[in-house]
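The values are calculated or read from the model by the stated rules, or taken from the named source; none is laboratory data. Fair warning: this is a prediction, and the values are worked out from it, not measured in the lab. We place every Cβ from the backbone using ideal geometry, glycine too, and count neighbours over all the protein chains shown.
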Amino acid sequence: MDPRTQSHDCRDAAQGRRRWSFVSGVRPKWKLVLRFALLLGTLFALQITIAVAQEPSVKLRLIVNPANPVNSVEREFLADAFLKKTTRWPDGEAIHPFDQRVDSLVRRAFSDSILHRSVAAVRNYWQQRIFSGRGVPPAELESDEAVVRRVQGDRFAVGYVSERADAASVKIIGVR
């Protein structure tokens, strides 16, 4: 047999070495590296899943100014107020909603439980409204404390804070 026509595998096997095959197209070292990368990718995805599952749930409280006569609201009314589909309290006064930062856990809890939308879906909603000239989103405040201060100073304001926030200076209302 002519050595020039033999495959690399045959020649190397005769010499006691193993070389990669042109048929498989992948060296054994690379196969190991690819398997390792796949394993790392799987572990990374699993870690993200576990982290999301272990994320602490945040309980929230809805707050208004103590001078506001409202003691509770329907969830739909509140959702419409924060999406600015409803702009007035039952007594006819303008509603001034205050949101929290997009990355806050209490914002996610509010969006999920009251708006029944993800934070990303709400942002998309507001981008469309802004682009079409039909409104601007509620003011975004930095923290529970900032929301409490703004609601305390505005009779027609509504906001939400986490359960652990100091809400002694405002009125906590129920959601039906």
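Within the group Ser162, Ser143, which residue is in contact with a helix residue (DSSP H, G or I) (Cβ under 6 Å, 6 or more places away or on another chain) and among the hydroxyl-bearing types (Ser, Thr, Tyr)?
It is Ser162.
Does segment 146-162 contain at least one residue that is of a type in the set (S, T, N, Q), more than 18 Å from Val58 (Cα to Cα), modelled with pLDDT of 95 or more and surrounded by fewer than 15 Cβ atoms within 10 Å (Cβ to Cβ)?
Checked against the condition, which is being of a type in the set (S, T, N, Q), more than 18 Å from Val58 (Cα to Cα), modelled with pLDDT of 95 or more and surrounded by fewer than 15 Cβ atoms within 10 Å (Cβ to Cβ), segment 146-162 yields no hits at all.
Does any residue in segment 141-169 that is more than 23 Å from Lys84 (Cβ to Cβ) come within less than 6 Å, Cβ to Cβ, of a residue that is among the β-branched types (Val, Ile, Thr) and modelled with pLDDT under 95 six or more places away or on a different chain, and which pairs are these?
Final answer for the pair search is Ser162/Val58.
Scan segment 132-141 and give yes if some residue there is β-branched (Val, Ile, Thr) and under 14 Å from Ile173 (Cα atoms), otherwise no.
no
Give all pairs with beta carbons closer than 8 Å in which a residue from segment 110-125 that is free of Cβ contacts under 8 Å to residues at least 12 places away in the same chain meets a residue that is basic (Lys, Arg) and outside any helix (DSSP H, G or I); count only pairs at least 6 apart in sequence or on separate chains.
Ser111/Arg117
Filter segment 94-109 for residues that are over 17 Å from Leu62 (Cβ atoms) and in contact (Cβ under 8 Å) with a residue 12 or more places away in the chain; which is surrounded by the fewest Cβ atoms within 10 Å (Cβ to Cβ)?
Ala94
Is one or more of the residues making up segment 168-176 of a type outside the set (D, E, K, R) and within 18 Å of the chain's Cα centre (by Cα)?
Scanning segment 168-176, I find no residue that is of a type outside the set (D, E, K, R) and within 18 Å of the chain's Cα centre (by Cα), so the answer is no.
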